[in-house]
């Protein structure tokens, strides 16, 4: 009887240990799946940054930065919100912007103050000549 009790206790301990191990692996898998579900939006900016090449009331052409830098045209409409300027007409070539989202019509355009304002004034003077 003592031997049977010892074997039963050992079997119970092994099954509990296996259950805990399996549950721990499940938590890691669930965490990994949740991280993958967040995917591109987790910690990354979802927008286009660069220097304005030209702007009008329907679109803004931006020269992006980096190795894969290219000219990108960002569509805007009446529902697009602007930060740093009142309207699209106030955006000048040479200013630095960030437009979000990076696909479709921009919902928000942030114009960064600084060197871009001076560059915009230089471009306006060249255009006037």
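In table form, for the structure just shown:
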{"item": "Checking residue 70 against (1) farther than 20 Å from residue 108 by Cβ; (2) at pLDDT below 85, the condition it does not meet", "result": "(2)"}
{"item": "Residue that is surrounded by the most Cβ atoms within 10 Å (Cβ to Cβ) [pool: residues in the stretch 91-116 that are without any contact (Cβ under 8 Å) to a residue 24 or more places away in the chain and in contact with a strand residue (DSSP E or B) (Cβ under 8 Å, 6 or more places away or on another chain)]", "result": "115"}
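The values are calculated or read from the model by the stated rules, or taken from the named source; none is laboratory data. Since this is a predicted model, take the numbers as computed values, not measurements. Counting neighbours? That spans all protein chains shown, and the Cβs are built from the backbone with ideal geometry, glycine included.
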